[in-house]
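To start, the structure itself, in structure tokens.
The values are calculated or read from the model by the stated rules, or taken from the named source; none is laboratory data. All of these numbers come straight from a predicted model, not from anything done at the bench. Virtual Cβ from ideal backbone geometry, glycine too; neighbours counted across all protein chains shown.
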Amino acid sequence: MEGIEHRTVKVNGINMHIAEKGEGPIVLFLHGFPELWYSWRHQIQYISSQGYHAVAPDLRGYGDTDAPTSITSYTCFHIVGDIIALIDSLGVENVYLVAHDWGALIGWYLCLFRPDRIKAYVCLSVPYMPRNPNVKPVDGMHAVYGDDYYICRFQEPGKIEAEFAKADTEEIITTFLTVRKPGPPILPKEGIRSTPNVPNTLPSWLTKEDITYYASKFNKSGFTGGLNYYRNINLNWELTGAWSGAQIKVPVKFITGDLDVVYTSLGTKEYIEGGAFKKDVPFLEEVVIQQGVAHFNNQEAAEDVNNHIYEFIKKF
């Protein structure tokens, strides 16, 4: 894409691919699953035009960044360690952070562990999820949503990869990016082709070229790196016991769509709007609920998201 430069940096024992454009204060973008730096293509162009240096890595296990083979190489400490090393390599003390989906979860860990490195955080889709000291997260998901809940289906190494291998990679990417069924995502055992509410044609915000780019990278790297994030959810819970009850002490703006699968899952809307979110994140300045927008709002509602990011970060 026009003007976006690519390079590889050594971070935390791995080689990380980053895309970047612009000069000025750094805005760091963290993607989710099944995504890449490319998910931020619209934000990179806009934010760099406003006098910022936009930087978007392929996270560990994705795209052109190294993918260690060990499942336990994908804990929150590993990923946050990668990001801190990336910030160090950019030669700055702190950055503006923008993150979505799994990137948002890593963003919360980053703010929790190293608030000194984050000027302000624009979080998309996934709110802060405080640690429940009494229940391991995946165990709770099994109990509430059942075995077909997508995170539960992702737990067994190799199993979902084998199912994905039976489908076309472009079909998998299209299904994840375009499904618009609110509520907790259920991945039927009949396979990804049977996922409901997938449109027959691509929405206006997503092109065939976009899908082809994503698929080309996942055909090369596979899905295991990204799936390993999910396989460390319970381990992350075990490792972060010292942060039970901790608050996020970074200025935050939260943006989600009213059709987002996270926002419409059990208890999330009440947590966000009922005061508990603000209690856990006392410097939460604004919550934006985009009408008619689903999970991948940085792509579906790119212009609106761009404006919200800029209006927030320019204050700091």
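Some observations on this one:
- Any pair with Cβ under 6 angstrom, 6 or more apart, that starts in the range 304-316 at a residue that is over 18 Å from Gly292 (Cβ atoms) and ends at one that is of a type in the set (Val, Ile, Thr): Ile309/Val98; Ile309/Val122; Phe312/Val122
- Residue list for the range 180-193, filter: out of contact with any Ser or Thr (no Cβ under 6 Å at 6 or more places or on another chain) and in contact (Cβ under 8 Å) with a residue 24 or more places away in the chain: Arg180, Lys181, Pro185, Ile186, Leu187, Lys189, Gly191, Arg193
- Hits in the range 302-316 (condition: under 16 Å from Ser125 (Cβ atoms) and surrounded by 22 or more Cβ atoms within 10 Å (Cβ to Cβ)): Val305, Ile309
- Residue in the range 69-79 that is more than 26 Å from Val262 (Cα to Cα), buried (at least 19 other Cβ atoms within 10 Å of the Cβ), in contact (Cβ under 8 Å) with a residue 40 or more places away in the chain and among the β-branched types (Val, Ile, Thr) present: no
- Failed condition for Glu171, given (1) surrounded by fewer than 18 Cβ atoms within 10 Å (Cβ to Cβ); (2) in a loop (DSSP other than H, G, I, E, B): (2)
- Selection count where residues are without any contact (Cβ under 8 Å) to a residue 24 or more places away in the chain and surrounded by 13 or more Cβ atoms within 10 Å (Cβ to Cβ), scope the range 136-154: 4
- Qualifying position, being outside any helix (DSSP H, G or I), surrounded by 22 or more Cβ atoms within 10 Å (Cβ to Cβ), modelled with pLDDT of 95 or more and not aromatic (Phe, Trp, Tyr), among Thr264, Thr256: Thr256
- Against the conditions (1) without any contact (Cβ under 8 Å) to a residue 24 or more places away in the chain; (2) in contact with a helix residue (DSSP H, G or I) (Cβ under 6 Å, 6 or more places away or on another chain), Cys123 satisfies every one except (1).
- In the range 279-305, residue farthest from Ile248 (Cα to Cα) [restricted to those that are touching a Phe, Trp or Tyr at 6+ places or on another chain (Cβ under 8 Å) and part of a strand (DSSP E or B)]: Ile289
- Gly274 of a type outside the set (Ser, Thr, Tyr) and without any contact (Cβ under 8 Å) to a residue 12 or more places away in the chain: yes
- If you go through the range 32-41 and keep only what is touching a Phe, Trp or Tyr at 6+ places or on another chain (Cβ under 7 Å), buried (at least 22 other Cβ atoms within 10 Å of the Cβ) and more than 16 Å from Asn306 (Cβ to Cβ), you end up with Gly32, Pro34, Leu36.
- Filter pass, Asn228 being in contact with a Pro (Cβ under 7 Å, 6 or more places away or on another chain), part of a helix (DSSP H, G or I), of a type in the set (S, T, N, Q) and at pLDDT 95 or above: no
- Leu284 vs. criteria surrounded by 15 or more Cβ atoms within 10 Å (Cβ to Cβ), farther than 24 Å from Val144 by Cβ and modelled with pLDDT of 95 or more: yes
- The number of residues in the range 169-178 that are out of contact with any Phe, Trp or Tyr (no Cβ under 6 Å at 6 or more places or on another chain) and either in contact (Cβ under 8 Å) with a residue 40 or more places away in the chain or β-branched (Val, Ile, Thr) (or both) comes to 5.
- Residues satisfying the stated conditions in the range 240-249, i.e. farther than 11 Å from Phe113 by Cβ and either hydrophobic (A, V, I, L, M, F, W, C) or not in a helix (DSSP H, G or I) (or both): Ser244, Gly245, Gln247, Lys249
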